Amino acid sequence: MHGLSRRSVSTILRSTGSASRYGSAATAVPFSDYVVDGEAKFRWYSVLTTGREIPNKTKQLNLKHTFFLGTRYESTAAESDSSSSPPSVGEKYEYQAEVSRLMDLIVNSLYSNKEVFLRELISNASDALDKLRFLSVTDSELLKDATDLDIRIQTDKDNGIITIIDSGIGMTRQELIDCLGTIAQSGTAKFLKALKDSKDAGADNNLIGQFGVGFYSAFLVADRVVVSTKSPRSDKQYVWEGEANASSYTIREDTDPENHIPRGTRLTLYLKRDDKGFAHPERIQKLVKNYSQFVSFPIYTWQEKGYTKEVEVDEDPAEAKKDEQDDTTEKKKKTKTVVEKYWDWELTNETQPIWLRNPKEVSTEDYNEFYKKTFNEYLEPLASSHFTTEGEVEFRSILYVPAIASTGKDDIVNPKTKNIRLYVKRVFISDDFDGELFPRYLSFVKGVVDSNDLPLNVSREILQESRIVRIMRKRLVRKAFDMILGISMSENREDYEKFWDNFGKHLKLGCIEDRENHKRIAPLLRFFSSQSEQEMISLDEYVENMKPEQKDIYYIASDSVTSARNTPFLERLLEKDLEVLFLVDPIDEIAIQNLKSYKEKNFVDITKEDLDLGDKNEEKEKNMKQEFGQTCDWIKKRLGDKVASVQISNRLSSSPCVLVSGKFGWSANMERLMKSQTVGDMSSLEFMRGRRVFEINPEHEIIKNLTAACRSNQDDEDALRAVDLLYDAALVSSGYTPEDPAQLGGKIYEMMGMALSGKWSSPPEIQHPVSSQPGIPETLEAEVVEPVEVDGQK
């Protein structure tokens with residue numbers, strides 16, 4: 001509701017013409033206006049419609065906590081008279097603004113970066129030139145004073161002054177008042193409206209301004225701004241002058257002939273003490289190249305230049321006297337090379353952006369040169385894509401896939417990169433995005449995007465979230481995938497191998513974060529496999545190699561190809577010649593779990609329980625359970641809570657046992673990764689570890705011996721120790737970490753001692769009886785050693 005002041009309410013009530021209960025038609029009193037039986041009674045009225053009681057069951061009002069319709073006052077006009085009075089009409093007021101405060105907000109709160117002042121002022125100059133060019137089509141007299149359409153920037157670093165001159169349309173006195181004296185009135189927007197009204201809007205779409213506050217960005221760096229302008233429609237030149245933190249400005253006629261310009265505008269900025277660094281010619285040149293390089297008019301900056309020349313050097317008097325004595329020596333004038341300095345205008349920008357040209361007219365060398373120059377790269381890109389999008393959103397773009405990943409500064413977990421440069425009408429807006437144009441996993445893609453109608457905030461620094469941005473993002477992502485797919489289908493396989501080495505992790509991250517593009521990401525993935533340990537294969541190649549009866553895509557996650565190849569989980573699959581993908585990158589397992597399937601083939605982890613290899617024999621399984629059921633129960637009783645159950649395995653052929661994880665818990669590889677996390681939550685580790693199933697191979701000799709021990713004596717200590725050691729060995733071979741490595745080592749040493757006892761030791765020596773008679777020396781037997789012949793000598 002509207003919050004009305006006391007004065008506004010009184011004014012509204014006065015307009016009813018009713019008599020007040022207390023004799024005053026405009027008296028405003030609290031709601032508790034009459035008392036009955038010692039209690040305050042209340043009547044509720046709207047301050048917008050008088051004389052009508054608002055029905056409400058509540059007759060008491062706590063003034064401390066209640067605000068009705070935004071005010072605490074009501075009319076006391078008599079009800080009997082209000083019914084005959086005309087309806088009240090509120091007075092209309094214009095919003096007022098404290099100009100100095102508004103200017104302070106525009107200058108100090110609107111822009112986040114001071115250096116954009118030059119971008120805004122150059123854009124204004126470009127708009128003035130565009131207006132002149134358009135109007136001169138029908139009125140050629142506008143160009144008679146100066147035919148060159150350009151922008152010139154001159155600096156005085158000693159005094160901290162920047163001067164920007166354009167030969168555009170200029171302004172009359174009234175236009176100075178309207179455009180510079182009225183905040184948030186855009187002359188460009190007004191001009192475009194006039195074009196639209198005259199049905200010629202399509203004749204000029206290069207005008208940049210739209211908000212009417214860009215000029216005031218000059219006060220980001222300047223204490224005082226002086227604008228001298230000459231319109232071809234007027235024979236007088238006017239000067240506008242304003243200061244920062246001031247609520248007024250001055251306009252006067254410029255009568256000094258030395259300051260006259262043929263046509264256009266000269267903007268002079270007197271910089272603040274802390275911002276005089278902007279007056280250096282090199283910095284101005286850098287800002288122009290960064291923000292306004294592709295403005296459609298030439299921009300010249302005043303630069304110091306130099307050329308070399310030879311000058312004579314004065315001879316040393318001692319050497320001159322020596323030369324006079326030696327008349328035979330030919331005299332040569334001594335010279336030296338010096339650099340002669342001078343100042344001149346230098347073209348700073350390129351007037352034709354490469355993305356506005358026809359792709360058929362741009363060579364690969366041109367694309368590569370633009371890439372190296374724009375992104376400071378020294379290697380040529382792997383691929384590029386130049387396209388134009390029309391329809392709901394119109395924009396032009398050039399995208400590149402770099403040859404190598406950036407080191408250090410562009411981490412995969414950081415979505416903020418400076419790889420996409422956004423232009424609006426060829427003016428650089430920003431390269432600091434947080435996932436608005438590209439998702440995080442495609443942050444390595446570099447390029448430029450230029451559009452005429454992007455939703456920007458007033459400072460033109462932030463891209464607002466909107467439906468247009470979402471459509472643009474969707475199309476950019478699609479083009480990026482088309483470009484990457486082109487690399488993968490290239491005849492030169494090394495190109496995609498290079499791409500995968502640098503950016504493979506990014507695409508795997510896309511499997512986790514972008515479910516909508518799974519179908520585009522999956523064909524680009526590459527993995528090692530049990531049948532291709534040296535060269536990565538795609539999922540398409542895996543599907544092509546699948547057996548006719550194979551229904552699923554098998555994989556195992558491990559820390560290396562070697563450990564994956566030697567795991568006991570592979571034994572039966574290798575016998576059946578079933579290919580298994582090796583997921584050796586930490587992110588691989590999560591990426592595959594998010595994909596879930598590919599071409600209607602489910603991904604199956606061979607380390608999880610209930611593995612189906614398509615060769616189930618129910619009769620055989622039933623017999624096995626009957627024969628080894630007692631053994632399974634005995635082993636489960638010994639291991640206790642360490643395992644959820646003990647089962648007969650269908651995946652082993654040469655190993656005695658293996659430890660598999662439950663369907664919905666972490667695998668051994670995932671458990672290892674989560675334990676290694678710096679900020680890992682150990683409480684969730686116990687929960688997500690899930691159940692472990694101990695599977696035994698009934699055809700292995702160790703299991704057969706343990707079965708015999710179970711049937712003969714289940715309390716045999718050696719047999720029980722063997723079960724414990726068997727579990728610990730399965731724990732390690734299955735990829736888990738032993739809970740007590742020292743205890744496991746002790747068990748292994750004990751078993752080794754038993755196995756190696758007396759195997760290589762010498763036979764015991766014969767003990768001779770010792771003489772019992774004292775004084776009689778013991779007889780010693782000497783050993784006869786035969787001489788050995790070496791090289792013919794003994």
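The values are calculated or read from the model by the stated rules, or taken from the named source; none is laboratory data. Quick caveat, the model's predicted, so the values are computed rather than measured. All Cβ positions, glycine included, derive from the backbone under ideal geometry; neighbour counts span all protein chains shown. For accessibility, only protein heavy atoms count, side chains too; no ligands or nucleic acids. Shrake-Rupley method; radii C 1.70, N 1.55, O 1.52, S 1.80 Å.
Can you name the residue in segment 515-536 that is open to solvent by 20 Å² or more (accessible area, probe 1.4 Å) and touching a strand residue (DSSP E or B) at 6+ places or on another chain (Cβ under 6 Å) and, of all such residues, is farthest from M483 (Cα to Cα)?
Ranking the qualifying residues of segment 515-536, first place goes to S530.
Looking only at residues that are in contact with a strand residue (DSSP E or B) (Cβ under 6 Å, 6 or more places away or on another chain) and at pLDDT below 90 in segment 396-419, which one is surrounded by the fewest Cβ atoms within 10 Å (Cβ to Cβ)?
Looking at residues that are in contact with a strand residue (DSSP E or B) (Cβ under 6 Å, 6 or more places away or on another chain) and at pLDDT below 90, I get D410.
Does segment 541-551 contain any residue that is hydrophobic (A, V, I, L, M, F, W, C), closer than 20 Å to L613 by Cα and not assigned by the TED database to the domain that holds N697? Before you say what the answer is, go through the steps one by one.
The first filter runs over segment 541-551 and keeps only residues hydrophobic (A, V, I, L, M, F, W, C), leaving 543, 546.
Pick out the ones that are also closer than 20 Å to L613 by Cα and you get 543, 546.
Then keep just the ones that are not assigned by the TED database to the domain that holds N697; that gives 543, 546.
Checked segment 541-551: at least one residue is hydrophobic (A, V, I, L, M, F, W, C), closer than 20 Å to L613 by Cα and not assigned by the TED database to the domain that holds N697.
Scan segment 580-607 residue by residue and report those that are of a type outside the set (A, V, I, L, M), open to solvent by 10 Å² or more (accessible area, probe 1.4 Å) and under 15 Å from S529 (Cβ atoms). Can you show your working first?
Filtering segment 580-607 down to residues of a type outside the set (A, V, I, L, M) leaves 582, 585-586, 588-589, 593-594, 596-603, 605, 607.
This time we only want the ones that are open to solvent by 10 Å² or more (accessible area, probe 1.4 Å), so: 585-586, 593-594, 596-603, 605, 607.
Result: D585, Y598, K601, F603, D605.
Scanning for something surrounded by 15 or more Cβ atoms within 10 Å (Cβ to Cβ), modelled with pLDDT of 90 or more, touching a helix residue (DSSP H, G or I) at 6+ places or on another chain (Cβ under 9 Å) and assigned by the TED database to the domain that holds K131, does segment 244-251 turn up at least one residue?
yes
Got a number for residues in segment 589-614 being part of a strand (DSSP E or B) and in contact with a Leu (Cβ under 8 Å, 6 or more places away or on another chain)? Talk me through it step by step, then tell me what you get.
Start the filter on segment 589-614 by keeping residues that are part of a strand (DSSP E or B), which leaves 597-598, 601-605, 608.
Add one more test, that the residue is in contact with a Leu (Cβ under 8 Å, 6 or more places away or on another chain), and what stays is 598, 603-604.
So the count comes out to 3.
Does S466 meet the test of being touching a Pro at 6+ places or on another chain (Cβ under 7 Å), modelled with pLDDT under 90 and assigned by the TED database to the domain that holds M483? Steps first, please.
Working: touching a Pro at 6+ places or on another chain (Cβ under 7 Å): yes; modelled with pLDDT under 90: yes; assigned by the TED database to the domain that holds M483: yes.
So S466 passes the test.
Each row is one residue, and each column tells you yes or no for (1) within 16 Å of R263 (Cα to Cα); (2) outside any loop (DSSP other than H, G, I, E, B).
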position: N159; (1), (2): no, no
position: T163; (1), (2): yes, yes
position: M171; (1), (2): yes, no
position: D178; (1), (2): no, yes
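Where residues in segment 543-588 are of a type in the set (K, R) and in a loop (DSSP other than H, G, I, E, B), which of them is farthest from E600 (Cα to Cα)? Outline the logic, then answer.
Of all residues in segment 543-588, those of a type in the set (K, R) come to 547, 551, 565, 572, 576.
Subsequent filtering for residues that are in a loop (DSSP other than H, G, I, E, B) retains 547, 551, 576.
Working: K547: 15, K551: 9, K576: 22 Å.
Selected residue: K576.
Where in segment 676-792 are there helices (runs of 4 or more DSSP H), lying wholly inside it, with at least 1 residues that are modelled with pLDDT of 80 or more and either within 30 Å of D633 (Cα to Cα) or open to solvent by 60 Å² or more (accessible area, probe 1.4 Å) (or both)?
Numbers: elements: 682-689, 701-712, 717-733, 741-756.
Because the criterion is at least 1 residues that are modelled with pLDDT of 80 or more and either within 30 Å of D633 (Cα to Cα) or open to solvent by 60 Å² or more (accessible area, probe 1.4 Å) (or both), the helices (runs of 4 or more DSSP H) in segment 676-792 that meet it are 701-712, 717-733, 741-756.
Does K596 meet the test of being under 19 Å from S667 (Cβ atoms), out of contact with any helix residue (DSSP H, G or I) (no Cβ under 8 Å at 6 or more places or on another chain) and without any contact (Cβ under 8 Å) to a residue 60 or more places away in the chain?
Numbers: under 19 Å from S667 (Cβ atoms): yes; out of contact with any helix residue (DSSP H, G or I) (no Cβ under 8 Å at 6 or more places or on another chain): yes; without any contact (Cβ under 8 Å) to a residue 60 or more places away in the chain: yes.
Yes; evaluated as a whole, the condition is true for this residue.
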